[in-house]
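The values are calculated or read from the model by the stated rules, or taken from the named source; none is laboratory data. What you are looking at is a predicted structure, and each value in this text was computed from that prediction instead of being measured. Neighbour counts run over all protein chains shown; Cβ positions are idealised from the backbone, glycine included.
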Protein chains: 2
Amino acid sequence: MDRLEVHHLPDLEALPFAEALARAGELAQAHILAATCGAQDVIGDAMRYAVDGGKGLRAFFVIESARLFGIDRADSAAAAAAIEALHAYSLIHDDLPCMDNDDLRRGKPTVHRKWNDAVAVLAGDALQALAFQLVTQTACTAERRLHLTATLGGAAGVHGMVGGQAMDIAAESASTPLTLDEIIRLQAKKTGALISWSCTAGAVMAGEEPHRLRIYGECLGLAFQIWDDVLDVEGDAAQVGKAVGKDANAGKATFVSLLGLDAAKDRARNLVEEACAALDTYGDKAECLRDAARFVISRQY
Amino acid sequence: MDRLEVHHLPDLEALPFAEALARAGELAQAHILAATCGAQDVIGDAMRYAVDGGKGLRAFFVIESARLFGIDRADSAAAAAAIEALHAYSLIHDDLPCMDNDDLRRGKPTVHRKWNDAVAVLAGDALQALAFQLVTQTACTAERRLHLTATLGGAAGVHGMVGGQAMDIAAESASTPLTLDEIIRLQAKKTGALISWSCTAGAVMAGEEPHRLRIYGECLGLAFQIWDDVLDVEGDAAQVGKAVGKDANAGKATFVSLLGLDAAKDRARNLVEEACAALDTYGDKAECLRDAARFVISRQY
């Protein structure tokens, strides 16, 4: 990968949301490709395959939250790559037969379907290790890099993402469906923790107070998950890139089953408004992040 | 756990090897227990179960290498806990049915046998995240903590432990058994990388040159693996705490199958001598580490 060229782009320019998202995804992938160079053949291939085709939304949150504080895209790219590597690992493991048992992800066979379960376990494990290696390379002071690393560990672990996924699996064999409060708590861990980390990363890099960005990330994370449930009901498998109707058919409690379709959409829209309002203090500079929040509840995939 | 009490022990005293090993294991476990407090029920239980009963050898290497430079046990305990958490995760995942498919570990049912595959995947994932969280808490400068974290990521990932495990699995379906050089390279990644990290951690914490400790760790890591192959042939399952004779029965190339039993033992003994000699510069202070090297080739488990 030509990382030098990436460094010489005019990084502080504001871009429309779609371009900023694409650029963030490319930057993160370039870092991951470089870091897996010379890796054990099959596992390296599986790692790159799992990262390829991701929307790059979490990388975007890292990079754009950093831009609010005047931080160049190249300087937050390692943290952006870290969160994409971590996200990709979580998808590989979640798709395993012993977990959600999915055959399709981003319109392609899941890693364990393309290779096998052992490759999927190991590629996920290696992507998690890579995430922590990458986040230490973020361009800020050692203290702030350590803070990013420690909080990433917390967000990824048993008190965060893994804890949420475990709650989700436990709920499947529970005798009663989850309540709305329980689903909100579950999702705050399962998907919310990493999204919050991404949205606050820029403030941490800059040594600024991350409170407003945390509200933005929490509202947006919940809206994102509600919209996933909406897409599970209304979406088209080809566009969504994975099986739809699974949760509804399994009789699983979702935001849609608990609130109804229209109320779920309203709730998501209100959350996005709240997310946008949290960024008022940043003025026009935050417009790209506001566009991202609106994207979350308009996406078809 | 009473962590305060641990902090007030006279930590700079030299202990005989067996006591130092036990103390290191206890310190690491106390940190992991504290960190998993309030964790999601099943996953938290599985994490603690997997860590419980470990020899604590890697924690010992961290703590004793730090003591060479006058660093108190309490100050290296977080790094010691990190490497034990990482080691425990790797054992859980290696034991999975899609990997080595083992039912017994440390004389107890493996995590996926006691619970199920999903719990084993998630508990392993959470222990890896915890390892990176813990290592950032080591008591040294931010720059050195970052260095410990980044190198732990490298040692754990596709260029280290995971890469070695993938080579091992690939070898099982290969048409020709591995050569001696290939096994040495495989083991340097699969088990050597974490052992080397542990043995050099103290020098990194102290900001000292880790070269001599790296030689010690590399020689000892290889001796350790050769001795594992010896135990697979000569050991008793009850003492070893896991199935024995597996590799020999599977017709897998091992140090014993390639060198013969006696020559393999000689090789391990020579490596241990080399490991001990590498520590000459540290004089009597390194005696406990030398005892550990001798333990590696005398252990029955």
Report task. Pairs only if they're at least six apart or on different chains, beta carbon under 7 angstrom, first in the stretch A:133-144 and small (Gly, Ala, Ser), second not in a helix (DSSP H, G or I); list them, first residue then second. Result -> none
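The rows are residues; the columns are (1) within 14 Å of chain A (Cβ to nearest Cβ); (2) out of contact with any strand residue (DSSP E or B) (no Cβ under 7 Å at 6 or more places or on another chain); (3) more than 20 Å from B:Ser90 (Cα to Cα); (4) among the small types (Gly, Ala, Ser).
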residue	(1), (2), (3), (4)
B:Ala24	no, yes, no, yes
B:Leu33	yes, yes, no, no
B:Thr36	yes, yes, no, no
B:Ala46	yes, yes, no, yes
B:Tyr49	yes, yes, no, no
B:Gly56	no, yes, no, yes
Query raised in the report: From the set of residues in the stretch A:124-174 that are closer than 16 Å to B:Ala120 by Cα and among the acidic types (Asp, Glu), which is farthest from the other protein chains (Cβ to nearest Cβ)?
Result: A:Asp168
Query raised in the report: Out of all the residues in the stretch A:62-86, which are under 9 Å from A:Gly202 (Cβ atoms) and among the hydrophobic types (A, V, I, L, M, F, W, C)?
Result: A:Val62, A:Ile63, A:Ala66, A:Leu68, A:Phe69, A:Ile71, A:Ala79
Query raised in the report: Would it be correct to say that A:Arg105 is more than 17 Å from A:Leu33 (Cα to Cα), under 16 Å from the mean Cα position of the chain (by Cα) and not β-branched (Val, Ile, Thr)?
Result: yes
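Would you say B:Thr138 is under 20 Å from the mean Cα position of the chain (by Cα) and outside any helix (DSSP H, G or I)?
yes
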Query raised in the report: In the stretch A:255-286, what count of residues is obtained for those that are among the aromatic types (Phe, Trp, Tyr) and over 21 Å from the mean Cα position of the chain (by Cα)?
Result: 1
Requested in this report: Report whether or not B:Ile83 is assigned to a helix (DSSP H, G or I), free of Cβ contacts under 8 Å to residues at least 60 places away in the same chain, crowded, with 22+ Cβ neighbours inside 10 Å and β-branched (Val, Ile, Thr).
Outcome: no
Query raised in the report: What number of residues within the stretch B:170-182 are touching a helix residue (DSSP H, G or I) at 6+ places or on another chain (Cβ under 9 Å) and either surrounded by fewer than 19 Cβ atoms within 10 Å (Cβ to Cβ) or at pLDDT 95 or above (or both)?
Result: 6
**Report entry** Scan of the stretch A:95-117 for residues that are out of contact with any His (no Cβ under 7 Å at 6 or more places or on another chain), within 14 Å of another protein chain (Cβ to nearest Cβ), surrounded by fewer than 24 Cβ atoms within 10 Å (Cβ to Cβ) and part of a helix (DSSP H, G or I), ordered by number
**Finding:** A:Arg113, A:Asp117
Query raised in the report: When you look at B:Val121, is it free of Cβ contacts under 8 Å to residues at least 60 places away in the same chain, touching a Ser or Thr at 6+ places or on another chain (Cβ under 8 Å) and of a type in the set (Val, Ile, Thr), yes or no?
Result: no
Query raised in the report: Which ranges mark the helices (runs of 4 or more DSSP H) fully within the stretch B:1-66 that have 3 or more residues being within 26 Å of A:Ala156 (Cβ to Cβ) and either at pLDDT below 95 or out of contact with any Ser or Thr (no Cβ under 8 Å at 6 or more places or on another chain) (or both)?
Result: B:17-35, B:41-51
